[in-house]
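Asks: What follows is a structure written as structure tokens; I'll ask about it next.
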Amino acid sequence: MQGYRLMADEAADQWAGAPPTHVFMQGGVGGAAAAVSVQMRARYALPPGLVVVEPDHAACLLASAELGTLTTVAGALDTIMAGLACGEPSLLAWTELERGAAAFMAVPDAAAIACMKLLAGVGIIAGESGVAGLAGFLLAAADPAARETLGLRADSRVLLFSTEGATDPELYHRLVG
């Protein structure tokens, strides 16, 4: 988790202007999201709202938030977002996320594929797990109720992290071309 905290610190060093209002971050077991949460709270007097995004078939952090306790999800965890196909949250990560995250959401595989293609169109190679935050942001931005709930406005400043490129080149080529 320390490496992810350094990543968040480097992003904050490069951020220009007023601080971010929102961070959309992929979930998995929660380690990367928790590290980003800690660093954003350490870095900014008014930390941005952290939205943790997971695949809809492997949303153990969302389930934990809904039930108010560390929760394991069973089943096949069938998702193309292989790096986020996690059924059990990290206890250490959950300890941070239950107090530091503003919201949790789940996204379908189709949204991840659309984001991979969107980024490829501007020359960015991002893997299926790495685009989860972008997928969550785009879905939330398109939904008036989600925008209201998350406080997303035209003047919001959103920070996204993609922590992987094409980790599975064959899958990437099949999905993106």
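Bear in mind that the values in this text are calculations on the coordinates, not laboratory data. The model shown is predicted, which means the values in this text are computed figures rather than measured ones.
Asks: Taking Cα pairs under 8 Å and at least six residues apart, what relative contact order does the chain come out at, in percent? Kindly include the intermediate steps, with their values, before the conclusion.
Replies: Working: 321 pairs, mean separation 44.0, N = 177.
Relative contact order comes out at 25 percent.
Asks: For segment 99-149, what is the convex hull (Cα atoms) projected area averaged across all directions, in square nanometres?
Replies: Values: hull surface 16.5 nm².
Mean projected area for segment 99-149: 4.1 nm², to one decimal.
Asks: Can you give me the Kirkwood hydrodynamic radius for the chain, using every pair of distinct Cα atoms, in Å to one decimal?
Replies: Numbers: mean 1/r = 0.0620 Å⁻¹.
The answer is 16.1 Å.
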